[in-house]
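The values are calculated or read from the model by the stated rules, or taken from the named source; none is laboratory data. Since this is a predicted model, take the numbers as computed values, not measurements. Here the Cβ positions follow ideal geometry from the backbone for every residue, glycine too, while neighbour counts run over all protein chains shown.
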């Protein structure tokens, strides 16, 4: 199987949709020797901040000398970035070779009258096979959706469960209340393990505390009152937390301080289990962490920022960051979202800050909301909105509207930010 054939097969499995339950992936893993059982996991669930927290933890552990697998989604620039070891993408050759094993196993299952694994299940199996081959010391594992019935929740060798901020998202799958959604997210918690959590809303906090009691888990929460000397910035930020003075991070956004503090708690929990990390490695890891598509600066003069804000909580955090970093700046937006997201709420929170807004339909995604429909949703909150026919047109219109001191912000679905960055950089080379 070639790389192109492997990618085509994985794309075909997307027709199986999203399936709640673990029976199918368990069956495939069993036939492949249960590679996940030989690995040790830091398992991350939540609504927002999963990817950034994963990046902090895995980079810190790499700096401490561990061989670290990381599994995250969606990809922003390259499909292969979903599966990494020590921040190196899985190779095309390894992806093709391991996918062929999965393809053959899937055919066997179907021939026996069993269901074929979904796309996310196939990708998760692929990650486990690769991490086992690569002899990873630790794997930082991000859930896809939810937790309890998420394909990643087949693991039983979790060391630390990490719960980032939980809010309303994917209601059609996870529940209609915050308590129901938190119950799904807390489903990753395994008996007698360490649990670390961001500060949650009361309904979610009660679910996490109850789950930890029932499963005999030690749980710690980020102690926001112990954050001090916080200095926000676009290029770098710093803060002190607990016994650590003047930690520096390179990710922008006010919420990144809390994500980094959550990562610190996770690293400390690992230390109690024998996976030691020196303060020097912690500091290097935090400052060296890169996480593309999250308040990422592409250009200066004018400043051009990409951010994957695509739900309620992320929209609130993006507004908070924009008000903190650019209290008097003139903002110009490019906005593209999926039709199943709460884009009206996002518009109500973010649109009033902008001088003008250009909406776009995210390319190559059947769930994408047409640019004209998004513009209609935005208009009640900001009349200076216009639908663009394509990403290149949206970038061109935004640049023409911006002065050198203005700030361009492209946000919404993570699935289109990689292509948008390519458009921006291609245009910069031509100018």
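Counting only residues that are more than 21 Å from residue 145 (Cβ to Cβ) and either within 18 Å of the chain's Cα centre (by Cα) or surrounded by 14 or more Cβ atoms within 10 Å (Cβ to Cβ) (or both), how many does the range 179-195 have?
2
Picking from 257, 249, which residue would you name as being touching a residue at least 40 places away in the same chain (Cβ under 8 Å) and outside the structural domain of residue 402 (by TED's automatic domain parsing)?
Details: 257 fails: touching a residue at least 40 places away in the same chain (Cβ under 8 Å).
Of 257, 249, the one residue that is touching a residue at least 40 places away in the same chain (Cβ under 8 Å) and outside the structural domain of residue 402 (by TED's automatic domain parsing) is 249.
I need the full set of residues from the range 266-280 which are surrounded by fewer than 22 Cβ atoms within 10 Å (Cβ to Cβ) and either on the phi < 0 side of the Ramachandran plot or at pLDDT below 95 (or both), in order please.
268, 271, 272, 273, 275, 276, 277, 278, 279, 280
Given the structure, is residue 214 within 30 Å of residue 19 (Cβ to Cβ), assigned by TED's automatic domain parsing to the domain that holds residue 18, surrounded by fewer than 18 Cβ atoms within 10 Å (Cβ to Cβ) and modelled with pLDDT under 95?
Details: within 30 Å of residue 19 (Cβ to Cβ): yes; assigned by TED's automatic domain parsing to the domain that holds residue 18: yes; surrounded by fewer than 18 Cβ atoms within 10 Å (Cβ to Cβ): yes; modelled with pLDDT under 95: no.
Judged against the criteria, residue 214 is not a match.
If I ask for residues that are assigned to a strand (DSSP E or B) and at pLDDT 95 or above, which ones from the range 357-382 would you list?
Going residue by residue through the range 357-382, those that are assigned to a strand (DSSP E or B) are 357-359, 368.
Matches in the range 357-382: 357, 358, 359.
Per-residue answers, yes or no, for (1) touching a strand residue (DSSP E or B) at 6+ places or on another chain (Cβ under 9 Å); (2) in contact (Cβ under 8 Å) with a residue 40 or more places away in the chain; (3) outside the structural domain of residue 401 (by TED's automatic domain parsing); (4) surrounded by fewer than 20 Cβ atoms within 10 Å (Cβ to Cβ):
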{"site": "282", "(1), (2), (3), (4)": "yes, yes, yes, no"}
{"site": "306", "(1), (2), (3), (4)": "yes, yes, no, no"}
{"site": "327", "(1), (2), (3), (4)": "no, no, no, yes"}
{"site": "334", "(1), (2), (3), (4)": "yes, yes, no, no"}
{"site": "345", "(1), (2), (3), (4)": "no, no, no, yes"}
{"site": "362", "(1), (2), (3), (4)": "yes, yes, no, no"}
{"site": "369", "(1), (2), (3), (4)": "yes, no, no, no"}
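Does residue 341 satisfy the criteria of being surrounded by fewer than 23 Cβ atoms within 10 Å (Cβ to Cβ) and without any contact (Cβ under 8 Å) to a residue 12 or more places away in the chain?
On the way: surrounded by fewer than 23 Cβ atoms within 10 Å (Cβ to Cβ): yes; without any contact (Cβ under 8 Å) to a residue 12 or more places away in the chain: no.
For residue 341, the condition - surrounded by fewer than 23 Cβ atoms within 10 Å (Cβ to Cβ) and without any contact (Cβ under 8 Å) to a residue 12 or more places away in the chain - is not met.
Among the candidates 142, 81, 88, which residue alone is without any contact (Cβ under 8 Å) to a residue 60 or more places away in the chain, under 15 Å from the mean Cα position of the chain (by Cα) and under 23 Å from residue 250 (Cα atoms)?
Sole residue among the options that is without any contact (Cβ under 8 Å) to a residue 60 or more places away in the chain, under 15 Å from the mean Cα position of the chain (by Cα) and under 23 Å from residue 250 (Cα atoms): 81.
Which helices (runs of 4 or more DSSP H) sit wholly inside the range 260-356 and have at least 3 residues that are in contact with a helix residue (DSSP H, G or I) (Cβ under 9 Å, 6 or more places away or on another chain) and within 21 Å of residue 236 (Cα to Cα)?
279-288, 312-325
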